[in-house]
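This is the structure I have questions about; it appears just below.
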Amino acid sequence: MTDEASSKGALVGVVIGTLAAAGGGFGFATLVLNQADCSASSAAASAKEQKAPERRIWPLQSIVTNLGSPAETYVRLEAGIVLDPATPDADAIAAGVATDFLAYLRTVSLAEIQGPTGFQYFREDLKRHAIKQGRGKVLDVYITGFVIE
């Protein structure tokens, strides 16, 4: 009988240990999930509090001109510049940038803007010209249309 009593005691010990481990695991998982929910909700709340800086796209007038080389090739550029909406002289900046783009397009050759990398360099040049012309108030340049004829 002592063997039977000791095996029953061992079985009861294993059952109690298993239940304790399961309860501990459940408690730990509940704690971790509650902390994850709290951190996710606090991150969402802080993201709502931090507003992205407001910006506005100022569309430029369509620019149609011939390229520098070959002179018989015409381009049409439709673009916009990104400014802070509080910029007081945004219309004047947009007009100055459009004039500068026109002058720049008359110096560009067709070979310079062909292909994806050529067009990317062209876009970067336009952005650099816009920032210079806008006295640093231009944040970015968007090209919405570009046609070569």
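Taking 0.36 nm per residue of sequence separation and subtracting the Cα-Cα distance, how much length would be gained by fully extending the chain between Thr99 and Ile148, in nm to one decimal?
15.7 nm
For Val82, what charge total do you get from the other residues with a beta carbon under 14 Å from its beta carbon, if Lys and Arg give +1 and Asp and Glu give -1?
+2
Tally Lys and Arg at +1 and Asp and Glu at -1 over the other residues with C-beta under 11 Å from the C-beta of Val64: what net charge comes out?
-1
Any read-out appearing in this document is the output of simple, stated calculations on the displayed coordinates, not a laboratory observation. Keep in mind that this is a model prediction, so the values were computed, not measured. Neighbour counts run over all protein chains shown; Cβ positions are idealised from the backbone, glycine included.
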